[in-house]
Amino acid sequence: MNNVLAIIMGGGQGSRLFPLTHKRSKPAVPLAGKYRIVDIPISNCINSGIRQMYVLTQFNSESLNRHVTSGYKFDHFGENFVHVLAAQQTPGDNNWYQGTADAVRQNLSYFLERPYQYFLILSGDQLYRMDFRKMLSEHLKTGADVTIATTPVPREPARAFGLMDTDADSRITRFVEKPGDDDDALDKLMMPAELLQSVDLPPDEERFQASMGIYLFNRTVLEDALKDDSQDFGKHIIPGIIKEKNVYSHIFTGYWEDIGTIASYYEANLECTKIVPKFNFFDSHNPIYTRARLLPASKINNATIEEALLSDGCIITDAKISRSIIGVRSVIEKGCDISDTIIIGSDYYHKIEMLDGNKVEERAIKIGENTRIHRAIVDKNASIGCNVVIHPGDRINEDNEFCHIRDGIVVIPKGTVIPDGTIV
């Protein structure tokens, strides 16, 4: 694994996750109370023995850079690292990243500085746990030039994915980008019975191999693939390379969720509050790493809590919390009723503001007494007054002074102040 360099794609502007990406890059969006999305691919790499990683980003990269720099410090005398590479002007190219392939191309000189034999390209907005050693082992066994991670999905979800057509030995012969309502095309892409059995799935099930956006390239193959001006791996590089090189699929049957939209992000987070969640953050053999904050234990004063995740440094007094995630430093006062909600938390307990005459004022960051919040995402440092009601009702998409409603979920932007008695 020392011959593998991981390249984590930080994504574009993250417009589908707006307003969570208004002031941060997509990989820096908080996850499950105390993590960031970027912690998932980085932790998968560390647990797989990959200790040399780059994270590529170009939008709002400051918070991501701060998180990675302070959270991932390896031996000072070794060669292990996690570096953020933000888009930059160079003598050969002064453009922003035009796609995933273009982002790798613009930074290829950095990646080729050391004698890596394999390049593992990962997406930065997915929730999964994968051992990349198994993927590399299959890559070597098949003699592949490129190995693409795929996951078996039923017919309806398959319509929205890029799908791989393979033979019984997992060699990819064709790639179809999002077939949609074309059932004839889908019929030709069904996984063979022998392939289903090889991954312990019933041979009579209808499954399709959806691309996970995870690619393992041989060094020379990646160099050759990026010689032209192709912009994206999924749309441009992969369809062409299948015809010219030995391209195989690595079939992954574990939990995998794309969390690139508000709805998928919301559901994936609340899934973690279940008694037996699909994704296990409590796996001691394959932990998810993050930045240490050195906060005190959370303090609970006479609260009713069920199916919830409580992060460090919280103070909760006489509140009712159900099927919710409470982020770091959250202060929730008495009488509050919070359900089906993600409270992302705060960077501090008090917001310090400068007034006229150089006067300093401190404002508590908290959720005030008797506030009711249902089906919402409350972003960092939001201060919510007393007797506030936050509920989407029958609204699906809407924007107002205090929130953005997306897919029937109320999103309170970072740093919002909601006065007492407001009905959002």
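Quick one: check the C-alpha center-to-center distance for the range 300-355 versus the range 402-424, whole angstrom.
The distance from the Cα centre of the range 300-355 to that of the range 402-424 comes to 16 Å.
For the range 299-418, give me the percentage of DSSP beta bridges that are antiparallel, rounded to the nearest 5 percent.
Counting DSSP beta bridges with both partners in the range 299-418, the antiparallel share is about 25 percent.
Rounded if a/c is under 1.5, else prolate if a/b beats b/c, else oblate: with a ≥ b ≥ c from the C-alpha gyration tensor eigenvalues square-rooted, which is the chain?
Because a/c hits 1.5 or more and a/b exceeds b/c, the chain counts as prolate.
Among DSSP beta bridges lying fully in the chain, give the percent that are antiparallel, nearest 5.
40
By how many nm would the segment from PHE18 to ARG66 grow when fully extended, if each residue of separation counts as 0.36 nm and the alpha-carbon distance is taken off?
15.2 nm
Place a +1 charge on the Cβ of each Lys and Arg in the chain and a -1 charge on the Cβ of each Asp and Glu, then give the dipole magnitude about the Cα centre in debye, rounded to the nearest 20.
Taking the Cα centre of the chain as origin, the dipole is about 1320 debye.
Determine the shape class of the range 1-120: with a ≥ b ≥ c the square roots of the Cα gyration tensor eigenvalues, call it rounded for a/c under 1.5, and otherwise prolate if a/b is greater than b/c, oblate otherwise.
Here the range 1-120 falls in the oblate category.
Mind ordering 390-400, 133-143 by average Cβ neighbours within 10 Å, highest first?
Highest mean packing first, the order is 133-143, 390-400.
Need the list of aspartates and glutamates near LYS188 for cross-linking: C-alpha distance under 19 angstrom, and skip anything on the same chain fewer than eight residues off.
Straight-line reach from LYS188, under 19 Å: GLU156, ASP165, ASP167, ASP169, GLU177, ASP204, GLU205, GLU206.
So how do 181-189, 121-129, 241-249 stack up, highest first, on mean other-Cβ count within 10 Å?
Highest-to-lowest ranking by the protection proxy: 121-129, 241-249, 181-189.
So how do 317-325, 352-360, 208-216, 168-176 stack up, highest first, on mean other-Cβ count within 10 Å?
Peptide ranking by packing, descending: 208-216, 317-325, 168-176, 352-360.
Past 30 Å, Cα to Cα: identify those pairs from LYS34/LYS235; LYS73/LYS274; LYS26/LYS366; LYS26/LYS351; LYS274/LYS366; LYS299/LYS359, in the order given.
Beyond 30 Å: LYS34/LYS235; LYS73/LYS274; LYS299/LYS359.
Based on alpha-carbon centroids, what's the gap between the range 1-34 and the range 205-282 in Å, whole number please?
Between the Cα centres of the range 1-34 and the range 205-282 lies a distance of 15 Å.
Which of the listed residues, HIS22, PHE81, ILE242, is farthest toward the dipole's positive end in the chain, when Lys, Arg count +1 and Asp, Glu count -1 at the beta-carbon?
Selected residue: PHE81.
What relative contact order, as a whole-number percentage, does the range 315-424 give when Cα pairs under 8 Å and 6 or more residues apart are counted?
Rounded, it is 21 percent for the range 315-424.
Can you tell me how the range 299-418 classifies by the Cα gyration tensor, rounded, prolate or oblate, using a/c under 1.5 as the rounded cut?
It comes out oblate by the Cα gyration axes.
Suppose a student asked you for the relative contact order of the chain, using Cα pairs under 8 Å spaced at least 6 residues apart; what percent would you report?
14
Note the full-extension length gain between ILE305 and ASP356 as 0.36 nm times their separation in residues minus their Cα-Cα distance, in nm to one decimal.
14.1 nm
Read-outs: derived from the displayed coordinates by stated rules, not from any lab. Just so it is clear, the model here is predicted, and its values are computed rather than measured. No Cβ is skipped: glycine too gets one built from the backbone with ideal geometry, and neighbour counts run over all protein chains shown.
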